[in-house]
Amino acid sequence: MTALFSKPMVRLILIAILVIAVLGTTYLGIREIRGMVDDAVKLKGDERDAYWTAKIEKANADTNKRAADQAAAVVKIQAVMAEQSRSDQRTLADLRMKNAQLPKGDGKGGRCGLNGDRVGLLPD
């Protein structure tokens, strides 16, 4: 029994216990470091996702604003064009009315056909 607890054997057992303790501590430390690295990677990924999400939302908002501005410009242009068309229609009706009031000729060799006044009134 004394051989089992001899000085060299005790030293060997203490060294084995110490090595096991160092290996266990190292393993726990590495596991903790890996956990911290994983947390940092996840945090950084979340930050990048939030950054790009904000960029995309800003770009979408800018695009929507430009589309709304263009739609407003189209409405304004349509209103101007509609007013111009109404004005042109009024002018055309006025010209046709003036054209109808010009003398047509008497059918006996008097003034008939197109003269300068009538040609100036005809738009088409």
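Using the Cβ-Cβ distance between Ile30 and Ser6 with R0 = 41 Å, the FRET efficiency computed as 1/(1 + (r/R0)^6) comes to roughly 0.70.
Full extension of the chain segment joining Gln89 with Arg66 gains 4.9 nm, where the gain is 0.36 nm per residue of separation less the Cα-Cα distance. 3J(HN,Hα) along region 32-48, derived from phi through the Karplus expression 6.51 cos²θ - 1.76 cosθ + 1.60 where θ = phi - 60°, amounts to 5, 5, 4, x, 5, 5, 4, 5, 5, 5, 5, 4, 5, x, 5, 5, 5 Hz, with x in place of Gly and Pro.
Spin-label model, Val74 to Ala59: label points 7 Å out along the Cα-to-beta-carbon direction sit 2.3 nm apart.
We did not get these values from a lab; they are worked out from the coordinates using the rules stated. Computed from a prediction, not measured in an experiment: that's the story for all the values here. Positions of Cβ are generated from backbone atoms using ideal geometry, with glycine treated the same way; all protein chains shown enter the neighbour counts.
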